[in-house]
1. Just checking, which of Ala51, Ala87 is in contact with a His (Cβ under 8 Å, 6 or more places away or on another chain), assigned to a loop (DSSP other than H, G, I, E, B) and either at pLDDT 85 or above or hydrophobic (A, V, I, L, M, F, W, C) (or both)?
2. Please specify each residue of the stretch 1-37 satisfying the condition of being of a type in the set (Gly, Ala, Ser) and not in a loop (DSSP other than H, G, I, E, B).
3. For Thr11, all conditions in the list (1) more than 18 Å from the chain's Cα centre (by Cα); (2) of a type in the set (Ser, Thr, Tyr); (3) crowded, with 16+ Cβ neighbours inside 10 Å hold save one; what is the number of the exception?
4. Which ones in the stretch 96-139 are buried (at least 19 other Cβ atoms within 10 Å of the Cβ), not hydroxyl-bearing (Ser, Thr, Tyr) and not in a helix (DSSP H, G or I)?
5. In the stretch 111-143, how many residues are small (Gly, Ala, Ser), modelled with pLDDT under 95 and more than 28 Å from Asn68 (Cβ to Cβ)?
6. Can you name every residue in the stretch 174-185 that is over 21 Å from Ile114 (Cβ atoms) and among the hydroxyl-bearing types (Ser, Thr, Tyr)?
7. Scan the stretch 7-23 residue by residue and report those that are hydrophobic (A, V, I, L, M, F, W, C) and at pLDDT 95 or above.
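The values are calculated or read from the model by the stated rules, or taken from the named source; none is laboratory data. Bear in mind that the values here come from a model prediction, so they are computed numbers and not experimental data. When we count neighbours, we look across all protein chains shown, and the Cβ atoms used for this are built from the backbone with ideal geometry, even at glycine.
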Amino acid sequence: MSAQFAIPATTFVLRSIIEGRLKAVYGSSLTPPKVSVEPPPRPASTPVGSAPAESAGLVLYLHHVATNGAWRNMCDPHIDGQGARFAKAPLVLDLHYMLGAYGADLEREAVLGIGMNALHRNAIVPRPMIAKILAAVAVPLVPSKLTDTLPGEPLQDPASQPESITITQMALDVDLSTKIWGALQSPMRPCAYYVVTTVFLDTDETYPPLKEVQSVSISGRPVADPEADPSNDDRNVFSS
């Protein structure tokens, strides 16, 4: 899969899974909360007591990307017997997400449970579901930004994505979770952490053509004297 779309396409699929579950739970009579992929909201600058109540919502935030340890050295080496590169090493990633809930009352705990349930029900994301989600996106006739062409990415194609996308909840301690929230400068909220694996990025690596051998020189020295003048050696040159 192309390097510029593999990560956002994965995030888009995860958000769509959560949004679909929220719509099913809230039904037609209630408006489901939004699922944002932006960093968690910071506190409002308005004076205390005058700010409106915070509406419920979810944040699916990608806070860390790491190489997949199982695939990192699986395809090496990419050098044949003559020392020539014959293949490119795949860039295989694990995506670390934070699913946080915000709101003024207990509804934030409710939406967090719905979001966690949606990811738990789709711990191994089926390829037909990925194809359906991406195919449902309307592509503008004149794309104005890079992600407008995202639906055309073959995230569900085994040739581009050899392994299925799996979602696993991570057990982060309070100390590390507090550091993440502190770095985001946002009040700590109820949250869960997930690792999504594996995502393959096409590195588009190209190799310059090797220079052909122009000539081969073979020298012979009748006397094994390392201090002898090399210009006196018998030399034959073979040209291609």
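1. Values: Ala51 fails: in contact with a His (Cβ under 8 Å, 6 or more places away or on another chain).
None of the other options fit; the residue is Ala87.
2. Step one: of the stretch 1-37, the residues of a type in the set (Gly, Ala, Ser) are 2-3, 6, 9, 16, 20, 24, 27-29, 36.
Ser2, Ala6, Ala9, Ser16, Gly20, Ala24, Ser36, listed by residue number.
3. Looking at each condition in turn, Thr11 falls short on (1).
4. Within the stretch 96-139, His96, Met98, Leu99, Gly100, Ala101, Gly103, Asn122, Val125 qualify.
5. Final tally of qualifying residues: 2.
6. Going through the stretch 174-185, the residues over 21 Å from Ile114 (Cβ atoms) turn out to be 174-176, 178-185.
Residue satisfying the conditions is Thr178 alone.
7. Within the stretch 7-23, the first condition is being hydrophobic (A, V, I, L, M, F, W, C), and the residues that meet it are 7, 9, 12-14, 17-18, 22.
Of everything in the stretch 7-23, those that are hydrophobic (A, V, I, L, M, F, W, C) and at pLDDT 95 or above turn out to be Leu14, Ile17, Ile18, Leu22.
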